[in-house]
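Only one structure is covered here, and it is reproduced in the block below.
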Amino acid sequence: QCQLNGLWRNEQDSLMEISVLRDNGDFQGQYLTRVTLSGGCVQISPLRGAQQQLGEEGWPTFAFTVRWDKFSNATSAFVGQCFVDAGGKEMLSTMWLLREGVGSPEEDWKATR
């Protein structure tokens, strides 16, 4: 079984810590990104999400958002699934969207990555 709580590292060396995983699947934690839109230093941002509860077996799906409010006007939404490989190593496979604030509807086209 895959457990979301704990410390995770991605390919860009950013860290995510899920510190609270409630019985209903809700979770919270923090994201320490090494990749910033502004090119600035490493920043910690809050995250909140929910995990699909599957019972004792299966690979849970999940979603969470990260507010980059300390250094950016952007928010990211992640969706993914947790897997365990043949060697017992847990892995999160995710996709994300990042939304930056823009000043007008005409700039909307460049706001989502």
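Every number in this text was worked out from the coordinates using simple rules, so none of it is lab data. Quantities reported herein were computed from a predicted structural model and do not represent experimental measurements. Neighbour counts run over all protein chains shown; Cβ positions are idealised from the backbone, glycine included.
Summary of values
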| item | result |
| --- | --- |
| Which label in (i) 74, 17, 17; (ii) 56, 32, 26; (iii) 48, 28, 24 gives the computed Cα extents along the principal axes in Å | (iii) |
| Virtual spin-label span in nm between ASP108 and GLU17, 7 Å along Cα→Cβ | 3.9 nm |
| Residue list for the stretch 67-97, given a label point 7 angstrom along the Cα-to-Cβ vector of THR61 and an amide N cut-off under 17 Å | 77-84, 92-97 |
| Gain in span if fully extended, ALA50 to GLN1, counting 0.36 nm per residue against the direct Cα distance | 16.0 nm |
